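Q: Dropping a structure here in structure tokens format, bear with me for questions.
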Amino acid sequence: MKHIFTILIFLCLLPVNSQNFNSYFTGETENIDTNPTFGICLMGGASEDDQAMQWFLNKADGGDVVVIRTSGSDGYNDYFYTDLGIDINSVETLVIHNENGATDPYVINAIENAEAIWFAGGNQATYVNFFRANAMNEALNNHINVKQAPIGGTSAGMAIMGEFYFDAINGSVTSDQALNNPYGSSVSIGQGEFLTNPFLQNTITDTHYNNPDRKGRHSVFISRIVEETQDIAYGIAADEFVGICIDENGEAIVFGEYPDFDDYAYFIQANCEDDLLPEILEENQALTWNKGNKALKVYQLPATSTGNNSFDVNTWEDGNGGDWQAWWVEEGEFLNEMTNDFECETFSAQAFEANSIHIYPNPTANFLEIQSDISIDEIQLFTLGGKAIQLTNKENNRLDLSGMPNGIYLLELRLREKTVTKKIIKK
């Protein structure tokens, strides 16, 4: 542990950059390199859960933490540095005022040197406008997928973590508004060109789930993604005081104060039917997405102080401590019931083929073995950003990845007329 008389604590405003960003710094000024462990921490938007934040800081392995926000000041500095009892080197809060601030060399350098990055709440529209498709965006994705270090956020900071995101460019939207006009201007959903978090592909998050109730609008978001992609879409949501922590293997544990309070996390997926498209999804018409009262398959997970309850966002099937629900929408009315009776047998040949493939070891440092009961016509490897990688050392279904940079990749296998994609980790 650090001793108080040896700590140099700085809490300062950088006046030279005050027009574009402000910096508040607490801790040791000398940068150190540690061995962070990947993880995603999602907070529901009210005050942070201490256990979830300790999980997040422990992933930094004593390194430097950067807090990114577009309003406010240094509220996280003392909380992260001293209040949680986790030994870290420093905390720097960067309050970004515009895109020039987001791409300032000082800001980019701070992000590149960070062992953990946290997004505060606020207005996610400014996050999208300032941080997407620029040098900061690239540095953030390198932090996630090359450095494989932890990232997280609360409220607006959680809202931007998925491949899809409610961008709030045209303001917020209530469940009632979204359900009755799914293509209204306020139902503004962004895709791609932002964070490429593993386990959050085809996923959209939502926050403050219990205040106000946002299940209806989240169902609309997911229906829009299903319509756009013609594929299963996913949602992850947290009640206001709930923290969701996803580790490098895709296991999500949840922290809160259940049973003293109704603190839950939700893991939502379009139900596994061949025809999963909404019955009515039109501009200026109320949504109907029924599918036999089972349009959405949802795992509701109580969030406890011990974090014992979990859900696997790698498979989206295996959970511990929660209950399955069915959600559906009828003429703009959101409905739900507890059930385990989901009809998935007719899901499609792709699901069968995906379950007939075994890839190991994953993560891997060198070779990757692909075992399949079905003939593989083509194997391709991509970065999470979609860039194809030339596989020079490929022998049958054994890939040599020893010369590749560490990171998370997408392995695409073409089987018959189907394509199956698997996430792999090179370490």
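The values are calculated or read from the model by the stated rules, or taken from the named source; none is laboratory data. Quick caveat: nothing in here was measured; it's all calculated off a predicted structure. Cβ: placed from backbone, ideal geometry, glycine included. Neighbour counts: every protein chain shown.
Q: Under 6 Å between Cβ atoms, which residue pairs at least 6 apart in sequence (or on different chains) link something in the stretch 42-55 that is more than 14 Å from PHE119 (Cα to Cα) with a partner that is surrounded by fewer than 21 Cβ atoms within 10 Å (Cβ to Cβ) and not small (Gly, Ala, Ser)?
A: From the stretch 42-55, the pairs are GLN54/LEU84; GLN54/ILE86.
Q: So TYR24 passes all but one of these: (1) exposed (fewer than 13 other Cβ atoms within 10 Å of the Cβ); (2) modelled with pLDDT of 95 or more; (3) among the hydroxyl-bearing types (Ser, Thr, Tyr). Which condition number does it fail?
A: (1)
Q: Here's a follow-up. Can you find a residue in the stretch 53-76 that is of a type in the set (Ser, Thr, Tyr), crowded, with 21+ Cβ neighbours inside 10 Å, out of contact with any helix residue (DSSP H, G or I) (no Cβ under 7 Å at 6 or more places or on another chain) and in the same structural domain as ILE144 (by TED's automatic domain parsing)?
A: Scanning the stretch 53-76 turns up at least one residue that is of a type in the set (Ser, Thr, Tyr), crowded, with 21+ Cβ neighbours inside 10 Å, out of contact with any helix residue (DSSP H, G or I) (no Cβ under 7 Å at 6 or more places or on another chain) and in the same structural domain as ILE144 (by TED's automatic domain parsing).
Q: Let me ask you something else. With GLU317, GLU283 as the choices, which residue is in a loop (DSSP other than H, G, I, E, B) and in contact (Cβ under 8 Å) with a residue 12 or more places away in the chain?
A: Sole residue among the options that is in a loop (DSSP other than H, G, I, E, B) and in contact (Cβ under 8 Å) with a residue 12 or more places away in the chain: GLU283.
Q: Could you tell me whether any residue of the stretch 146-156 is under 22 Å from the mean Cα position of the chain (by Cα), in a helix (DSSP H, G or I), buried (at least 21 other Cβ atoms within 10 Å of the Cβ) and β-branched (Val, Ile, Thr)?
A: no
Q: Residue check, ASN308 against (1) part of a strand (DSSP E or B); (2) surrounded by fewer than 17 Cβ atoms within 10 Å (Cβ to Cβ); (3) of a type outside the set (A, V, I, L, M), all met but one. Which one?
A: Of (1) part of a strand (DSSP E or B); (2) surrounded by fewer than 17 Cβ atoms within 10 Å (Cβ to Cβ); (3) of a type outside the set (A, V, I, L, M), only one is false for ASN308: (1).
Q: Being modelled with pLDDT of 95 or more, surrounded by fewer than 17 Cβ atoms within 10 Å (Cβ to Cβ) and not charged (D, E, K, R) narrows it down to one of GLY44, GLY39, GLY85, so name that one. Give the derivation first.
A: On the way: GLY44 fails: surrounded by fewer than 17 Cβ atoms within 10 Å (Cβ to Cβ); GLY39 fails: surrounded by fewer than 17 Cβ atoms within 10 Å (Cβ to Cβ).
None of the other options fit; the residue is GLY85.
Q: Moving on to the next point. For the stretch 285-306, state whether one or more residues are β-branched (Val, Ile, Thr), over 17 Å from ILE225 (Cβ atoms), assigned by TED's automatic domain parsing to the domain that holds ASN211 and modelled with pLDDT under 95.
A: no
Q: If I ask for residues that are of a type in the set (A, V, I, L, M) and buried (at least 24 other Cβ atoms within 10 Å of the Cβ), which ones from the stretch 226-251 would you list?
A: Step one: of the stretch 226-251, the residues of a type in the set (A, V, I, L, M) are 226, 232-233, 236-238, 242, 244, 246.
Across the stretch 226-251, the qualifying residues are ALA233, ILE236, ALA237, ALA238, VAL242, ILE244, ILE246.
Q: Suppose we filter PHE221, PHE194, PHE255 for residues that are of a type in the set (A, V, I, L, M, F, W, C) and touching a Lys or Arg at 6+ places or on another chain (Cβ under 7 Å); which single one remains?
A: Only one candidate qualifies: PHE194.
Q: What tally of residues in the stretch 171-212 results from selecting those that are outside any loop (DSSP other than H, G, I, E, B) and farther than 22 Å from GLN285 by Cβ?
A: 6
Q: Same structure again: Assuming ALA116 fulfils every condition listed in (1) out of contact with any strand residue (DSSP E or B) (no Cβ under 7 Å at 6 or more places or on another chain); (2) modelled with pLDDT of 95 or more; (3) of a type in the set (Gly, Ala, Ser) apart from one, which condition is it?
A: Only one criterion in (1) out of contact with any strand residue (DSSP E or B) (no Cβ under 7 Å at 6 or more places or on another chain); (2) modelled with pLDDT of 95 or more; (3) of a type in the set (Gly, Ala, Ser) is unmet by ALA116, namely (1).
Q: Among the residues of the stretch 132-145, which ones are within 16 Å of the chain's Cα centre (by Cα) and part of a helix (DSSP H, G or I)?
A: ASN137, LEU140, ASN141, ASN142, HIS143, ILE144, ASN145
Q: Looking only at the stretch 260-302, filter to residues that are over 18 Å from the mean Cα position of the chain (by Cα) and under 13 Å from GLU317 (Cα atoms); which one of those is surrounded by the fewest Cβ atoms within 10 Å (Cβ to Cβ)?
A: CYS272
Q: Something else now. Just to check your reading of the model, which residue among ALA252, ALA237 is closer than 30 Å to LYS426 by Cβ and assigned to a strand (DSSP E or B)?
A: Of the residues listed, the single one that is closer than 30 Å to LYS426 by Cβ and assigned to a strand (DSSP E or B) is ALA252.
Q: I've got another one for you. What number goes with the only condition from (1) in contact with a strand residue (DSSP E or B) (Cβ under 8 Å, 6 or more places away or on another chain); (2) surrounded by fewer than 18 Cβ atoms within 10 Å (Cβ to Cβ); (3) at pLDDT 80 or above that GLU317 does not pass?
A: Tallying (1) in contact with a strand residue (DSSP E or B) (Cβ under 8 Å, 6 or more places away or on another chain); (2) surrounded by fewer than 18 Cβ atoms within 10 Å (Cβ to Cβ); (3) at pLDDT 80 or above, GLU317 fails exactly one: (1).
Q: Still on this structure, I have one more. Please enumerate the residues belonging to the stretch 214-249 that are closer than 20 Å to THR306 by Cβ and at pLDDT 95 or above. If you could, list the steps in order and put the result at the bottom.
A: We begin by selecting, within the stretch 214-249, every residue closer than 20 Å to THR306 by Cβ; these are 238-247, 249.
Within the stretch 214-249, ALA238, ASP239, GLU240, PHE241, VAL242, GLY243, ILE244, CYS245, ILE246, ASP247 meet the criteria.
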